[in-house]
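The block underneath contains the structure these notes are about, expressed in structure tokens.
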Amino acid sequence: MRATGFRPFFFLAAVWGLCVVGLTALAAAGSPLAGQALPANPFAWHGREMVFGYVPAVMAGFLLTAIPNWTGRLPLAGWRLWLLVGLWFGGRVAGWAGEWTGGACSGPGAAIPPAALVAADLAFLTMLVLVVGRELVAGRNWRNLPVLAGVMVMLLALALWHGSAASGAVPANVGLRLGLAAAAMMIALIGGRIVPSFTTNWLKGRGASGLPRPFGPYDRMVLLATGVALAGWVIVPASASTMGLAALAAGLNIVRLARWRGAATAGEPLLWVLHLGYGWLVLALALIALGAARPEAAPAAIHGLGAGAIATMTLAMMSRATLGHSGSPLTAGPLLTLVFVAVTAAALLRVTAALWPTGPASLVTAAAVAWTLAFMGFLIACGPLLLRLRAVG
């Protein structure tokens with residue numbers, strides 16, 4: 001029996017998301033065990049691993065499952081899949097073993113040539129670009145080439161992160177912002193397809209008459225505006241132009257979200273959480289505009305994207321895909337509903353803490369606890385399904 005792409009990558013993404021936040025929270029609390037297990041700067045490691053560890057794992061799981069449906073080709077399986085999993089692990093080891101300090105590589109892997117650590121870190125996304133590109137071209141699936149571009153931008157972001165950390169030639173945090181922007185555009189692109197599509201199917205099954213607007217010229221305009229605003233945030237985050245572009249993109253996306261009839265899905269958490277996740281993207285764009293005007297608010301935009309839009313949408317999508325491909329009913333029970341509530345609470349608490357830096361430190365702790373509950377709940381609800389080697393039904 002052979003595993004399919006979403007199973008190992010969704011499981012590993014959830015475990016990694018739980019471990020990274022949990023260990024960082026323990027390090028912040030002064031735990032000697034966490035302090036010894038993590039690099040010297042655990043908070044920089046946290047940001048790097050959530051953007052370049054967690055997010056690419058989810059991307060891989062989604063794309064390796066979706067592309068066979070798009071192209072009609074067989075899914076990646078067997079040793080090729082496990083090679084890709086191994087390369088992802090290699091990146092996590094490289095990120096832990098090698099830490100850039102003053103342009104030099106330090107940490108447990110200091111004796112390893114820096115070029116080898118960088119190559120190990122870039123290998124997974126490089127291979128994912130090649131696999132996705134090969135499948136889309138072989139299947140002549142030109143419509144989804146923008147998805148390949150998203151993976152390529154994520155690879156570029158990681159390369160820029162290394163350039164910044166190693167030499168300072170690249171401005172600090174450009175790579176992280178570009179990685180977040182790549183994930184945000186994937187949400188705007190793919191979320192803009194699946195959220196109204198799933199909502200339409202669900203509403204039709206209940207005989208509803210008012211349905212979400214199909215993808216059209218307005219959506220293309222929103223995607224363009226969102227991409228330009230995110231590009232401005234990556235390059236010149238504290239500028240009047242970025243503030244205006246991000247505010248415009250937020251407004252356009254509010255209208256886009258309203259066209260999808262999210263209020264009508266209140267009876268199904270597996271659907272309303274998708275609308276909520278896209279709503280976090282709208283809020284994150286508004287926070288980018290706020291951060292451009294008030295630099296002290298800039299961290300809130302990062303957490304709005306990461307803990308809000310990305311975490312909510314990825315947990316929602318992983319839950320739905322796991323249930324659907326495992327032969328389970330496409331409905332969220334009490335545990336998955338708790339997962340969605342907990343990740344929402346974690347995002348709200350973390351963004352509040354970023355906007356209120358003089359507030360109680362317990363806000364960050366509470367956010368970490370809520371995050372832990374969300375990811376543990378996902379692993380309890382979906383872990384057994386992901387660990388099966390073949391889908392049921």
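Worth a mention:
- Carbon plus sulfur fraction of accessible area for the chain, probe 1.4 Å, in percent: 72 percent
- Here is the list for region 165-248: chymotrypsin sites (Phe, Trp or Tyr not before Pro) lying in DSSP coil, each with at most 16 other C-beta atoms within 10 angstrom of its C-beta, are F215.
- Shape analysis of region 115-252 places it in the oblate category; the axes a ≥ b ≥ c from the Cα gyration tensor give an a/c of at least 1.5, with a/b not above b/c.
- Over the chain, accessible surface divided per residue gives 41 Å², non-protein components excluded, 1.4 Å probe.
- Shown in residue order for region 268-273 are the 3J(HN,Hα) couplings computed by the Karplus curve 6.51 cos²θ - 1.76 cosθ + 1.60 at θ = phi - 60°: 10, x, 5, 9, 5, 5 Hz (x for Gly and Pro).
- Between R220 and R294, the contour length at 0.36 nm per residue exceeds the Cα-Cα span by 23.6 nm.
- When peptides 277-288, 377-388, 258-269 are ranked by their average number of other Cβ atoms within 10 Å per residue, the highest-first order is 277-288, 377-388, 258-269.
- Global geometry of region 314-393, whether rounded, prolate or oblate, following the gyration tensor of its Cα atoms and the 1.5 cut on a/c: prolate
- Radius, Kirkwood style, for region 231-311 when every pair of distinct Cα atoms is counted (Å): 13.0 Å
The values are calculated or read from the model by the stated rules, or taken from the named source; none is laboratory data. These figures come from a predicted structure and were not determined experimentally. A quick note on method: Cβ atoms are made from the backbone with ideal geometry, for glycine too, and the neighbour counts reach across all protein chains shown. Protein only, heavy atoms only, side chains kept; ligands, DNA and RNA dropped before computing areas. Shrake-Rupley method; radii C 1.70, N 1.55, O 1.52, S 1.80 Å.
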